[in-house]
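Here is the structure we will look at, set down as structure tokens.
Bear in mind these aren't lab numbers, they're just calculated from the coordinates by the rules spelled out. Keep in mind the model is a prediction, meaning the values are calculated, not measured. Counting neighbours? That spans all protein chains shown, and the Cβs are built from the backbone with ideal geometry, glycine included.
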Amino acid sequence: MAEPIPASVASQVFPEDLPLPAEPEPAQRPPEAPVFPSLQHNDQSSRASSEAPLVSTRLGEADNDDEATVAKPFVRTASPDSGAPRAHTAMPDKDDKTPDRLAYKMHKFNLYETASRYYIVGVDVSEKWYRILKIDCTGDGSELSMTDDKIVYSLKQMNQLLDTIDHGNRGTGGIKLRCTTWGLLGFIKFTGPYYMLLITKKSTVAMIGGHYIYQIEGTELVPLVPSRFKTDSRNTEEQRFLGILNNLDLTRSFYYSYSYDVTGTLQHNVTRERENLAKGQFTASEDDLNSMFVWNDYLLQPAVKALRDPFDWCRPIIHGYIDQAALSIYGRTAHITVIARRSRYFAGARFLKRGANDLGYVANDVETEQIVAESLTTSFHAPGPRLYCSPQYTSYVQHRGSIPLYWTQDNTGVTPRPPIEVNLVDPFYSAAALHFDNLFERYGAPVYVVNLIKSKERQPRESKLLDEYTDAINYLNQFLPVDKKIIHKAWDMSRASKVRGGDVIGNLEVIAESVLKTTGFFQNGDGETSPMSAQNGVARTNCIDCLDRTNAAQFVIGKRALGHQLHALGIIEDVTVEYDTDAVNLFTHMWHDHGDTIAVQYGGSQLVNTMETYRKINQWTSHSRDMIESFKRYYNNSFLDSQRQEAYNLFLGNYIFAHGQPMLWDLATDYYLHHANPRDWSNKAGKGYINWYTPEFLAERKLPPLVPLSRSIRARPVEFFDDYWLEYYRPSTLSSFPKMFAYKMNSTIKYIPFKSTQDGRYDLSPFRVRTDADTHAESKKHRRGVSLISQAGSPLYQQEGVDDDTASIASGQTASRGIQRWLQMPAPQGRAPHPFHRAAFPPTQIEEAAPERKNSTMPEKSEKSKSAQWTFQKAVIESLNPTVEEHEEADYVQYIQHPQQMPLVTSTDTPVDVDASEYQEYVSGDWQAEGLMVTGDEEEIALYAEMLKVGENPLTVTEEDGPKKRYKAYRKWLRGKSFFKQQPLD
């Protein structure tokens with residue numbers, strides 16, 4: 001049994017709470033001792049009100065009797081120094097296999113509150129080891145004060161510690177559970193106290209190498225003020241800052257991981273770990289974060305200043321898109337993961353952030369990585385163990401970003417396409433030089449620029465940027481080595497998609513193959529028993545917005561890379577995968593979701609032009625969808641982007657409140673928030689106009705070779721370097737397949753028609769092109785339902801339920817076949833078909849093949865369901881096959897033929913068929929006797945005369961107009977009634 005917590009240890013956590021009582025044994029504790037909830041792992045965060053009583057179970061109380069069988073107790077005889085390094089921190093006995101460095105990786109936290117402090121209790125994934133963080137609540141806006149004692153507690157010791165804290169604060173209400181969280185995002189301050197941002201809800205979106213990646217589903221902002229502190233409601237500035245921060249929805253497309261560096265590519269992460277192993281170093285992944293993609297970097301700064309190891313408690317998050325799906329190949333499973341990381345530099349909305357800033361950061365900078373891995377083993381390691389040498393992992397990285405020039409678009413008007421203005425023409429292209437040097441640093445050389453903007457326009461708009469961008473690349477290429485020059489491929493994709501016979505996809509496939517040959521892709525291995533390769537360079541794709549055209553081009557490049565990756569894994573023989581296969585359809589859906597998410601983040605709406613648009617297989621139903629998305633994008637850009645930009649500037653720390661400075665909402669522009677002061681960067685020694693690049697960045701990227709590990713490293717288990725086992729397999733935890741992410745993941749196997757596989761009529765390969773024969777393989781099966789019978793007696797259409805024999809992954813082509821089948825339905829009897837469809841659809845009659853009742857007591861619910869099914873079928877037929885009545889058809893024919901029967905020469909002779917003329921009634925009408933004057937009572941005549949009267953100021957409503965009938969709605973509106981909820985006027 002664990003020893004009681006000494007007073008010296010407790011004094012480090014809560015020195016003001018002394019004197020401390022002697023801790024009694026569990027059996028001798030008074031019955032009124034406080035209790036604390038159990039820290040059990042689940043996907044729902046529990047929330048307890050500060051006023052609610054604490055639950056009646058202690059931390060892990062159910063396991064107290066059997067604690068020795070779960071984990072050995074942590075016995076500590078002396079209090080270690082809080083400033084001591086980790087190696088000297090008291091840890092479990094050597095018999096326990098939990099490594100030192102992994103005990104600090106906490107996965108769940110409980111937030112406790114006293115009158116003057118917050119206590120965060122963290123627990124590792126195995127729920128064996130606990131730590132505690134103390135945060136002082138000042139409320140006066142002073143500096144943040146936090147204490148991390150660096151001590152690892154067992155379950156009983158943490159319960160004893162919380163009991164002691166509660167006893168020391170019993171005079172002020174004791175300790176209460178505030179909430180259970182999944183992580184700490186950081187701290188932020190406006191005009192008053194600090195706020196603590198917590199993750200309250202998460203969901204699993206991907207698993208890489210046994211490490212889970214989560215999406216934030218809920219957050220909570222907790223003010224660090226004493227419990228009895230009353231906020232000043234008169235501080236409207238603080239409330240307005242909070243309202244601006246709430247405009248940024250952190251529950252949409254923000255991701256984090258406890259054990260995998262989501263800010264770096266797979267190639268970067270594996271290379272770093274292999275280099276550290278070769279040097280004998282053990283550094284945490286948080287020490288090598290790519291700050292460009294850490295969106296809560298500003299919120300983490302207070303924790304970085306106050307704590308020695310802030311990432312033991314705080315989680316870095318990225319913004320973008322992550323999705324994962326499984327590809328089933330005759331029992332083999334390959335996981336496809338798409339990760340998009342948006343840069344936090346020069347981030348903002350569409351028309352408010354264009355081009356590049358002085359530091360070379362571009363707008364809409366997104367790095368997209370696709371990881372294809374075969375799931376033979378879970379971890380990154382090969383047998384041996386050869387650490388981080390598994391040959392089952394491949395990846396490919398692409399980049400998109402605005403054109404790195406100084407250009408803007410003024411959206412203050414109402415035009416949906418504002419003119420493009422090149423604000424500054426730099427003869428040395430300094431911004432572009434800084435940007436490409438940064439790309440060399442991140443991805444190596446060469447950089448393959450795929451430029452998709454328009455080249456020919458009636459009024460030069462995008463073409464102005466094309467000329468300037470071409471000159472910039474030509475200037476920068478003068479000084480680069482021959483084999484490291486920037487490759488510029490300019491192609492007017494918009495024009496190619498509109499001309500008749502233009503093969504957009506074919507041209508993109510040629511470009512994609514050239515890109516793959518230039519950059520290569522990353523394949524992990526040891527270089528001895530399995531090959532390994534690194535990606536050198538990157539494909540940088542851009543259009544004017546880097547949304548629709550860019551996403552289509554990146555998809556084609558990604559599809560080509562997918563073929564190379566599957567070939568490298570030994571799954572397919574060739575290096576290409578065909579369209580309309582289950583594999584490519586699944587990949588297409590992932591990239592459509594990727595493009596929609598990136599478009600919403602930058603442009604305010606989803607993609608307007610999708611892959612179906614450029615493949616020219618989209619249907620008429622997509623036109624309305626494209627119009628809606630265009631309007632949504634215009635509306636967001638015109639009215640909502642400024643609010644979103646303010647939220648970005650506040651969250652990212654571009655704007656920091658300071659006394660004497662203008663408020664965020666008073667700034668006429670945020671130009672100075674994103675561009676450096678010329679006095680600051682002009683005095684710094686730059687690289688020069690000729691040697692604008694860093695030569696070290698141009699060196700070829702190679703994976704570190706496999707080197708023999710030292711004896712001390714070989715003696716340690718694999719869990720010491722990469723604890724994927726505890727996180728992924730969760731030993732000693734009851735689980736089930738429906739709750740496992742790998743089981744719930746989207747997969748091609750879910751779309752296989754299993755009934756067709758029983759007699760071998762369906763090819764299970766996800767690389768087989770699905771044709772019409774596959775879709776209609778089971779269409780000849782007759783089922784009871786509603787059938788359309790032609791005059792010859794053959795059924796033309798049969799109402800059936802959803803048949804999984806004909807199911808496949810939905811794509812543009814499959815959707816096209818479905819629409820065509822609907823359009824070929826004949827019209828019901830008694831309704832004439834449309835004149836244009838008369839030849840295509842012969843007269844038919846409808847028979848309702850009602851199922852025979854086996855007994856007279858058929859449930860009424862079934863009859864209603866069948867009736868509703870028939871009603872829906874009839875509605876579908878009538879809506880997709882418009883028909884007209886006989887008299888309507890006669891009127892239409894007369895309307896069409898009338899111009900053909902009119903004489904070309906007019907004469908005074910009376911026509912022969914004057915009696916049958918449609919104008920005879922008009923010529924002989926009553927108007928000749930009564931005249932054309934308006935008839936009616938005096939009131940109507942007076943009202944008509946009043947309507948014709950136009951005053952001196954016709955747009956001004958005067959007092960005399962008040963009693964008039966036509967201003968009735970206006971009078972109601974003046975009294976406060978909604979103008980749009982009124983009933984029609986009499």
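List of remarks:
- As a size descriptor, the averaged projected area of the C-alpha convex hull of the range 462-594 was calculated at 10.5 nm².
- Mean Cβ count within 10 Å, highest first, over the residues of peptides 556-563, 643-650, 657-664, 123-130: 556-563, 123-130, 643-650, 657-664
- In this calculation the C-beta distance from PHE657 to THR771 is compared with R0 = 56 Å, giving a FRET efficiency of 0.35.
- Kirkwood radius for the range 272-386, taken over all pairs of different Cα atoms as the inverse mean of 1/r, rounds to 17.6 Å.
- Entry for the range 364-510 at q = 0.09, 0.12 Å⁻¹: log10 I(q)/I(0) = -0.44, -0.70, Debye formula applied to identical alpha-carbon scatterers, no solvent contribution.
- Here is the tail figure for the range 684-742: Cα pairs spaced more than 13 Å apart come to 80 percent of all pairs.
- Stretch gain in nm, segment GLN301-ARG730, where the contour uses 0.36 nm per residue and the Cα spacing is subtracted: 151.1 nm
- Inter-label distance, ALA490 to ALA945: 7.2 nm, where each label sits 7 Å from its Cα along the C-beta direction.
- Debye intensity ratio I(q)/I(0), log10, the range 228-277, q values 0.19, 0.23 Å⁻¹ (C-alpha model): -0.77, -0.91
- Scaling against 2.2 N^0.38 Å puts the C-alpha radius of gyration of the range 285-698 at 1.01.
- Ratio Rg/Rh [Cα only; Rh per Kirkwood] for the range 714-755: 1.20
- Normalised contact order of the range 285-698, rounded percent, pairs of Cα under 8 Å and 6 or more residues apart: 18
- Full extension of the segment from PHE428 to ALA875, taken as 0.36 nm per residue of separation minus the current Cα-Cα distance, would add 154.3 nm.
- The range 230-320: C-alpha gyration tensor shape, a/c 1.5 cut-off, then a/b vs b/c: prolate
- Evaluated over the range 415-510, the count of Lys pairs having alpha-carbon atoms less than 24 Å apart is 11 (only pairs 8 or more residues apart or interchain).
- Legend: residue pairs LYS134/LYS279; LYS189/LYS687; LYS156/LYS279; LYS156/LYS305; LYS517/LYS744; LYS128/LYS739, Cα-Cα distance threshold 29 Å; pairs beyond threshold, LYS134/LYS279; LYS189/LYS687; LYS156/LYS279; LYS156/LYS305; LYS517/LYS744.
- Taking the empirical scaling 2.2 N^0.38 Å for compact globular proteins as reference, the range 346-435 has a Cα radius of gyration ratio of 1.72.
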